[in-house]
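The structure appears right after this line, and notes come after that.
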Amino acid sequence: MGPNLDRLWSYSCNLTRGKNVSCIAWNKSNSDLVAVGYGQFEFTNQKPGLVCCWCIKNPEYPERVFMSKQGVTALDFSTANANLLAVGFYDGGIAVYNVRKSVDEPVLDNFTTAGKNLAPVWQLRWIEKERGSGDERTEVLISISTDGRVTQWSIRKGFESYDVMKLKKMPTRMGGRSREKKGEAFISRYAGGMCFDFHTKDPNIYIAGTEEGYIHKCSCSHNEQYLESYHGHVSPVYSVQWSPFVPDIFLSCSADWTIKLWHQDKTKHILSFHSTTRAVNDICWSPWSSTVFATVNEGAVEVWDLAQSTLDAVYTLAPTSGARQTTVSFSKNSHCLLVGDNEGQVTVYELRCMPPPPEDQASALKKVIEASLASQLPGPKETSEEAGENGEEDVTAQMQESKRVSTTSS
């Protein structure tokens with residue numbers, strides 16, 4: 001019997017019915033507690049937002065409920081203070097809630113500060129950083145927004161903020177030369193930020209995915225230029241995630257229907273996965289096997305094992321409800337997968353009958369990559385830029401109804 005997903009239960013109640021599940025965050029010290037954010041992705045379909053903190057022991061009703069006027073777009077629990085939950089909103093606001101208290105009020109927010117983003121905050125992450133010249137470390141909050149800003153927030157100083165990067169648009173390539181589109185500099189020189197992930201070994205390095213399809217490697221020490229830029233996607237990048245086992249490798253997924261695997265030293269992707277003609281909304285590496293990851297597109301949940309195949313998912317599940325799948329997250333302490341949809345449900349699946357994890361996790365993934373590189377023989381000299389531009393016109397036209405595209409066109 002091959003790999004399969006066994007449905008265990010769903011987190012949903014009358015409060016969540018009909019709401020879009022936009023993000024999922026696990027508590028760092030209590031693996032039984034998960035926060036779920038609810039908010040619409042489309043500018044034309046905005047509704048009040050909601051955060052529910054669910055416990056595995058009670059799938060009937062959340063332990064904590066936080067209501068908001070704006071849709072919720074991002075969540076993350078603090079590592080240093082496990083009771084603090086940061087929440088990002090569609091209007092660019094950020095708030096921090098204390099989940100130990102049942103009061104529906106944030107302990108900190110930037111709703112009226114000058115540093116508030118002007119567009120949706122698509123991702124938030126608590127990051128531990130060195131404080132000053134000594135060994136003392138402090139935790140800061142990093143956000144990314146469609147207004148092009150990657151911003152650091154300090155909760156010790158009343159939510160003081162500064163931009164660690166403003167994501168500049170890349171020049172459009174035409175006729176073999178790089179040039180800006182006419183009028184582009186006048187409209188906006190910044191690229192919309194969609195997602196980011198900090199390097200697993202170096203808390204100073206991160207990758208950021210943009211609305212224009214580029215992924216940039218950045219350093220917190222340099223806010224003026226990119227360390228590297230990766231171009232393989234032709235539509236907004238919805239998620240990027242470093243491998244938990246091989247620090248040089250990361251995955252990305254996009255509205256262009258593809259998932260791509262990258263090595264940070266190569267500007268071209270190593271592998272590209274394409275199983276559907278739908279936007280791939282989210283990806284998540286397995287925490288227990290280096291070659292396994294899960295994705296969701298609007299119609300299905302897919303589990304991939306690169307050790308078994310780099311062409312097809314080892315298991316695909318299309319829920320019968322007809323709901324669009326929006327988010328996916330692996331449980332850290334079990335072989336369970338949480339999948340959110342646009343009808344307000346987070347379904348818990350158990351992943352069964354998978355091969356045992358490799359003894360040498362890093363080596364297993366490296367073997368897949370080496371085999372792939374060996375099979376990539378040089379092709380004709382037709383430039384990938386030409387192919388990319390032609391593909392971009394075709395694909396982008398079909399993406400206009402996709403989630404999160406042109407969210408700033410308000």
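The values are calculated or read from the model by the stated rules, or taken from the named source; none is laboratory data. These figures come from a predicted structure and were not determined experimentally. Using ideal geometry, Cβ is built from the backbone for each residue, glycine included, and neighbour counts are taken over all protein chains shown. What goes into the accessible areas is simple: the full protein's heavy atoms, side chains included, and nothing from ligands, DNA or RNA. Shrake-Rupley method; radii C 1.70, N 1.55, O 1.52, S 1.80 Å.
For ASP104 and SER375, the FRET efficiency from 1/(1 + (r/R0)^6), where r spans their Cβ atoms and R0 equals 60 Å, is about 0.60.
Any number yet on Rg/Rh for the range 92-163, C-alpha, Kirkwood? Numbers along the way, then the final one.
Values: Rg = 13.0 Å, Rh = 13.1 Å.
Rg divided by Rh gives 0.99.
Which number do you get for Rg(Cα) / (2.2 N^0.38 Å) in the range 9-133? Don't skip to the answer; put the middle values down first.
On the way: Rg = 14.4 Å, N = 125, 2.2 N^0.38 = 13.8 Å.
So the Cα radius of gyration is 1.04 times the expected 2.2 N^0.38 Å.
Each pair of Cα atoms in the range 187-328 enters the Kirkwood radius, and Stokes-Einstein at 37 °C and 0.692 mPa s then converts it into a translational diffusion coefficient of 213 µm²/s. Sequence-ordered 3J(HN,Hα) estimates for the range 89-104 from the Karplus curve with 6.51, -1.76 and 1.60 and θ = phi - 60° stand at 10, 5, 8, x, x, 9, 9, 10, 10, 9, 6, 6, 9, 8, 6, 8 Hz, glycine and proline given as x. Working note: Karplus 6.51/-1.76/1.60 with θ = phi - 60° gives the range 337-353 the couplings 10, 9, 10, x, 9, 8, 10, x, 9, 10, 9, 9, 10, 9, 8, 10, 6 Hz, where Gly and Pro are set to x. Extending 7 Å from the Cα toward the beta-carbon at both HIS335 and ASN14 defines two label points whose distance is 3.9 nm.
Report, as a whole number in µm² per second, the diffusion coefficient that Stokes-Einstein gives for the range 11-67 at 25 °C and 0.890 mPa s using the Kirkwood radius over alpha carbon pairs.
Values: Rh = 11.8 Å.
Result for D is 208 µm²/s.
Show me, bin by bin at 5 Å from 0, the whole-percent P(r) of the range 246-319 based on Cα pairs. Cα pair-distance distribution for the range 246-319, in percent: 3, 16, 29, 27, 17, 6, 1, 0.
Kirkwood hydrodynamic radius computed over the range 332-375 comes to 13.5 Å, based on all pairs of distinct alpha carbons.
Among the listed pairs LYS19/LYS332; LYS19/LYS168; LYS201/LYS367; LYS28/LYS169, which are separated by more than 31 Å between their Cα atoms? Over 31 Å Cα-Cα: LYS19/LYS168; LYS28/LYS169. Around the amide H of CYS195, modelled in the peptide plane, lie the amide H atoms of GLY209, all under 5 Å away and 5 or more residues distant in sequence or on another chain. Treating r as the C-beta distance of ARG278 and LEU311 and R0 as 25 Å, the FRET efficiency rounds to 0.90.
Tell me, what is the per residue accessible area of the chain in Å², probe radius 1.4 Å? Before the final figure, lay out the partial values.
Working: 18730 Å² over 410 residues.
I get 46 Å² per residue for the chain.
The ratio of the alpha-carbon radius of gyration of the chain to the globular-protein estimate 2.2 N^0.38 Å is 0.95.
Rounded to the nearest 500, what is the 222 nm mean residue ellipticity of the chain from helices alone, with -39500 (n - 2.57) per DSSP H run of 4+ residues and division by all residues? It would help to have the intermediate numbers written out before the result.
Working: 3 runs with 35 residues, N = 410.
Roughly -2500 deg cm²/dmol at 222 nm, from the helical runs in the chain.
For ALA279, the amide hydrogen comes within under 5 Å of the amide hydrogens of GLU298, counting only partners 5 or more places away or on other chains and with H modelled in the peptide plane. The gain in end-to-end length when the THR79 to SER229 segment is fully stretched comes to 51.0 nm, 0.36 nm per residue minus the alpha carbon separation.
In this structure the amide hydrogen of PHE111, modeled in the peptide plane, comes within under 5 Å of the amide hydrogens of ILE94, none closer than 5 places in sequence on its chain.
Taking θ as phi - 60° and the Karplus parameters 6.51, -1.76 and 1.60, the scalar couplings of the range 220-235 work out to 5, 8, 10, 9, 9, 9, 7, 6, 7, 10, 10, 10, x, 8, 10, 8 Hz in sequence order, x denoting glycine and proline.
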